[in-house]
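Participant: This is the structure I want to talk about, given as structure tokens.
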Amino acid sequence: MNQHQKVRKAVFPVAGLGTRFLPATKSVPKEMLTVVDKPVIQYVVEEAVAAGIEHLVFVTGRSKHVIEDYFDIQFELEQTLRERNKNAELTLLSGLLPKAGTTSFTRQQEPLGLGHAVWCAREIIGNEPFALLLPDMIMRGEKGCMKSMVELYDHSGGNVIAVEECAPDQTHKYGIVGVGDPIGNGFKITGMVEKPAKGTAPSNFFINGRYILQPEIFKILETQERGAGNEIQLTDAMLKLSTSQDFAGYHFRGETFDCGAKDGFILANVAFALDRADIRATVEEPLKALLAGLK
């Protein structure tokens, strides 16, 4: 029955320590690092909202209270802006603020992996399908990745995973899916394997950090043994779920920036700055000069 319920809630696992960005992340959550002038997490939330998500569920850690504060009113700042007649800035802030009662925060007390982080959201999600968006990944395309996934889910039901293509000799770095018959704007997934040995991958389509999952995944995660990295792996739980439920793949053809890595974060800043009419004119030529000066 619930395999065709509307996808209303989205989970954002934001409890990670961000060790790849030390020392910046010693006091600032990695999700709050800015791409141009918005935190990384804001881009991901906007993708979810554009797909029709009504309730945002953040799985946080002890050092992530700043994220909760960001999605709240900051009285002193807004009062100062009013006094200074900064109406444009006030409008900007109000447009970013979720409606009251549409955000929830729960703690992942131990860093036990993505599967465990998802399991921590079980009481808030309840018995309904949900979207899962990894907050490090910013996507850019003609249509939002999650919006297209919801369209596929409305057609197929079950579970949906977003995938992208990688070079065949790079499949050992990713979670790879097997490609079956077309369905809606995607295809049936025939199997999943995490970081297959070279030459054994069923395709070159890798999982890119966007999911729509049925609530039965929680029961599996509850007793899931630790896997790679001594963590509770979501892919292992999805493999078990796939024995009783269908999985479909959506081929995302836009650009994905892994802002959990320094190179992806820098490229995201450059790409989104060049997309902005108010910034491009002042950064394009200096960027060309920097590139021209490379030896």
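Participant: Just grab the label-to-label distance for GLU231 and GLU54, each label 7 Å out from Cα along the Cβ direction, in nm (one decimal).
Facilitator: Result for the modelled spin labels: 3.2 nm.
Participant: For the chain, calculate the relative contact order in percent as a whole number, restricting contacts to Cα pairs under 8 Å that are 6 or more residues apart.
Facilitator: Relative contact order for the chain comes out at 23 percent.
Participant: Straight-line reach from LYS30: which aspartates and glutamates fall under 19 Å, measuring Cα to Cα and dropping same-chain residues less than 8 apart?
Facilitator: Output for LYS30: GLU46, GLU47, GLU68, ASP69, ASP72, GLU110, ASP136, ASP258, ASP263.
Participant: Is there a pair in LYS26/LYS295; LYS143/LYS288; LYS173/LYS240; LYS64/LYS99; LYS147/LYS288; LYS188/LYS262 whose C-alpha atoms are over 31 Å apart, and which pairs would that be?
Facilitator: Beyond 31 Å: LYS26/LYS295; LYS147/LYS288; LYS188/LYS262.
Participant: Within the chain, which DSSP H helices have Cα atoms that stretch 18 Å or more along the helix axis and a mean Kyte-Doolittle hydropathy of at least -1.0?
Facilitator: In the chain, the long hydrophobic H runs are 262-275, 277-292.
Participant: Over the heavy atoms of LYS6, what accessible area does a 1.4 Å probe trace out, to the nearest 10 Å²?
Facilitator: The accessible area of LYS6 comes to roughly 120 Å².
Participant: Tell me the per residue accessible area of region 129-263 using a 1.4 Å probe; a whole number in Å² is fine.
Facilitator: Roughly 44 Å² per residue, with all protein chains present.
Participant: Still on this structure: Starting from the 7 Å offset along Cα-to-Cβ, what nm value, one decimal, do you get for the label separation of GLU285 and THR190?
Facilitator: Here the answer is 5.6 nm between the modelled labels.
Participant: At a threshold of 8 angstrom on Cα-Cα distance, excluding pairs fewer than six apart, so keeping six or more, what relative contact order does region 112-218 reach in percent?
Facilitator: After rounding, I find 37 percent.
Participant: Continuing with the same structure: In the chain, what percent of the accessible surface is made up of carbon and sulfur (1.4 Å probe, ligands and nucleic acids excluded)?
Facilitator: 53
Participant: Now, a different point. FRET efficiency for ILE73 and GLN5, Cβ-Cβ distance as r, R0 = 25 Å, nearest 0.05?
Facilitator: Efficiency computed from Cβ-Cβ geometry: 0.20.
Participant: With a 10 Å radius around each residue's Cβ, average the other Cβ atoms per peptide and rank 83-92, 24-33, 55-64, highest first. If you can, show how the numbers build up before the last one.
Facilitator: Working: 83-92: 11.4, 24-33: 18.0, 55-64: 20.3.
Listed from highest to lowest mean packing, they are 55-64, 24-33, 83-92.
Participant: Toward the positive end of the charge dipole of the chain, about the Cα centre and with charges on Cβ (Lys, Arg +1; Asp, Glu -1), which of VAL36, ILE125, TYR211 goes farthest?
Facilitator: With unit charges placed on the Cβ atoms, the residue in question is VAL36.
Participant: Could you check the spin-label model distance between LYS173 and GLU46? Points 7 Å from the Cα along Cα→Cβ, value in nm.
Facilitator: Result: 2.7 nm between the two label points.
Participant: Let me ask something else about it. Per DSSP helix of 4 or more residues, -39500 (n - 2.57); summed, then divided by the residues of the chain. What does that give at 222 nm, rounded to the nearest 500? Let's see the in-between values first.
Facilitator: Details: 11 runs with 103 residues, N = 295.
The helix-only estimate for the chain comes to -10000 deg cm²/dmol at 222 nm.
Participant: If I stretch the segment between ALA88 and SER27 completely, what's the gain in nm (0.36 nm per residue apart, minus their alpha carbon distance), one decimal?
Facilitator: Using 0.36 nm per residue and subtracting the Cα-Cα distance, I get 19.0 nm.
Participant: Residues of region 36-125: accessible area per residue at 1.4 Å, in Å²? Provide the component values of the computation, followed by the final result.
Facilitator: Details: 5050 Å² over 90 residues.
Normalised by residue count, the accessible surface of region 36-125 is 56 Å².
Participant: Give the calculated FRET efficiency between LEU239 and ASN127 to the nearest 0.05, with a Förster radius of 22 Å applied to their Cβ-Cβ distance. Spell out each step's value before the answer.
Facilitator: On the way: r = 22 Å, r/R0 = 0.99.
The calculated FRET efficiency here is 0.50.
The values are calculated or read from the model by the stated rules, or taken from the named source; none is laboratory data. Quantities reported herein were computed from a predicted structural model and do not represent experimental measurements. Methodologically, a virtual Cβ is constructed for each residue, glycine included, from the backbone with ideal geometry; neighbour enumeration extends over all protein chains shown. With ligands, DNA and RNA removed, areas are computed over all heavy atoms of the protein, side chains included. Shrake-Rupley method; radii C 1.70, N 1.55, O 1.52, S 1.80 Å.
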